[in-house]
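Each remark here refers to the structure printed beneath this line.
Rule-based calculations on the coordinates, nothing more; no lab input. Quick caveat, the model's predicted, so the values are computed rather than measured. Quick reminder, even Gly has a Cβ in these numbers, built from the backbone with ideal geometry, and neighbours come from all protein chains shown.
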Amino acid sequence: MPRTLIRKNPSNFKTLPLHVEASPEGLVYQSIGVPLNFAQTLQRRKPIQLADSQRFAVELANLGVSVRLTLRWQNRDYWVLVRQRRQDRGDVVLKLISGYVPAQELNLPLHTAIQEVAEECLLETPEGWLGGRFNDTWLPAPYADALHYREALPFVLTPQSGAARPVRCANLQLLERPRAYVHLPTASLQLIYDLCLQVPREAKSLSLFHVDERLEGDQLVARLNRKRPDLYLMPLDDGQPRAELFTLSKDRLVPASTRGLYLAESFARQEGWLVRDERIRWKDWVRQQGLTPAKPDSGLKRLTGRARELLQMARGGVRK
């Protein structure tokens with residue numbers, strides 16, 4: 001049974017439309033108009049067209065932020081993806097940890113990104129849930145009223161190398177150099193931060209869960225469903241992804257099916273500053289990246305391997 005962790009009033013969330021100017025050298029955004037609530041923002045997220053992918057000036061509905069999170073666990077690296085049913089777009093995708101940037105943080109979207117990690121990526125051990133730090137700053141514990149967070153053994157978030165082209169909020173250049181793109185189907189500016197999450201070595205029997213807010217009636221509700229962890233790990237070899245997905249349950253990597261899977265638009269092809277697609281099929285993304293799809297580990301193959309081991313053991317016994 002899913003467990004309700006928190007309920008919020010969506011009318012408390014306010015953001016601002018943006019004016020964006022882009023050139024081959026960089027991108028600048030600043031807020032315009034009056035603050036909008038969640039419903040008003042969704043109404044403005046309508047498809048737009050831009051002829052030039054490198055140089056333009058445009059008004060957009062909102063600023064969104066995502067985190068390409070690299071999980072460092074047991075001397076291996078993994079990208080973290082989460083499953084989301086997107087109510088405004090009527091689809092289900094795997095996406096980066098992401099959210100809307102509120103009005104008061106438009107000039108500091110990194111703060112929103114860090115909070116999204118704390119809200120969406122939950123790390124459980126038998127002794128409780130792990131808190132986290134970004135450098136020397138403690139992350140919030142958003143579900144402290146419902147879950148027991150451990151006071152010791154925090155995970156540590158650190159920034160990784162950012163994008164080459166600068167992004168500015170008015171005259172202020174953004175820290176950690178996020179990748180930026182204008183998403184034409186939703187008339188939004190999206191920023192992607194590269195962060196690394198280091199799991200403490202002492203954290204044993206680790207499980208990972210995704211918690212996402214859903215609009216239900218007049219409330220935003222966050223629930224934890226242990227039967228559907230909805231947080232997936234994509235292994236990396238020397239920083240390059242492998243075409244595999246896993247969930248993590250009590251230190252055990254469990255293979256996840258990629259059949260019929262779609263990835264969110266942040267994985268789609270970017271032209272200049274523009275992304276034109278709503279989503280991309282997993283197999284199309286794998287092909288674009290030049291990756292080799294993982295072969296399914298069938299039960300027959302495992303049985304054959306075990307039979308071979310038994311046969312070798314039997315032969316060894318005969319020789320003795």
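When only Cα pairs below 8 angstrom with a gap of at least 6 residues are kept, the chain shows a relative contact order of 20 percent.
Which of rounded, prolate, oblate describes the chain, given a ≥ b ≥ c as roots of the alpha-carbon gyration tensor eigenvalues and a/c under 1.5 marking rounded, otherwise prolate only if a/b is larger than b/c?
Numbers: a/c = 2.02, a/b = 1.59, b/c = 1.27.
Verdict is prolate for the chain.
Could you work out how far apart the two model spin labels at ARG76 and ARG165 are, taking each label as a point 7 Å from the Cα in the direction of the beta carbon, and quote it in nm? It works out to 3.6 nm between the two label points. Restricting the stretch 199-242 to trypsin sites (Lys or Arg not before Pro) that sit in a DSSP loop and have at most 13 other Cβ atoms within 10 Å of their own Cβ leaves ARG201, LYS204, ARG226, LYS227.
Per DSSP helix of 4 or more residues, -39500 (n - 2.57); summed, then divided by the residues of the chain. What does that give at 222 nm, rounded to the nearest 500? It would help to have the intermediate numbers written out before the result.
On the way: 4 runs with 48 residues, N = 320.
When only DSSP H runs of four or more count, the value is -4500 deg cm²/dmol.
Extension gain for GLN30-GLN173 works out to 50.3 nm (0.36 nm per residue, less the C-alpha to C-alpha distance).
For SER23 and ASP237, a Förster radius of 41 Å and the Cβ-Cβ distance give a FRET efficiency of 0.70, rounded to the nearest 0.05.
Potential lengthening of the chain between LYS14 and ARG55 amounts to 11.9 nm, from the contour at 0.36 nm per residue minus the alpha-carbon distance. Placing +1 on the Cβ of every Lys and Arg and -1 on the Cβ of every Asp and Glu, with nothing else charged, gives the chain a dipole about its Cα centre of roughly 1720 debye. Relative to the longest principal axis of the Cα atoms of the chain, the long axis of helix 109-120 makes an angle of roughly 40 degrees. Eight or more residues apart or on different chains, and alpha-carbon atoms under 30 Å: count the Lys pairs in the chain matching that. Here the count comes out as 25.
Between helix 299-319 and the chain there is an angle of about 30 degrees, using the helix long axis and the longest principal axis of the Cα atoms.
Defining a contact as two alpha carbons under 8 Å apart and six or more residues distant in sequence, what relative contact order in percent does the stretch 1-105 show? If you can, show how the numbers build up before the last one.
Values: 156 pairs, mean separation 27.2, N = 105.
Worked out over the stretch 1-105, it gives 26 percent.
Expressed in nm to one decimal, what extension gain is obtained for the pair ARG201 and ARG259 from 0.36 nm per residue of sequence separation less their Cα-Cα distance?
Values: separation 58, 0.36 × 58 = 20.88 nm, distance 3.35 nm.
That works out to 17.5 nm of additional length.
Can you say what percent of the DSSP beta bridges in the chain, counting only those with both residues inside, are antiparallel? Round to 5. Here the antiparallel bridges make up roughly 75 percent for the chain. Annotation: the residues PHE56, PHE267, sorted from fewest to most other C-beta atoms within 10 Å of their own C-beta, follow the order PHE56, PHE267. Residue exposure proxy: GLU120, GLU216, ordered by other Cβ atoms within 10 angstrom of their Cβ from fewest to most, comes out as GLU216, GLU120. Take the Cα of GLU271, step 7 Å along the line toward its Cβ, and report every residue of the stretch 46-69 whose backbone nitrogen sits under 18 Å from that point. Under cut-off, by backbone N: 47-58.
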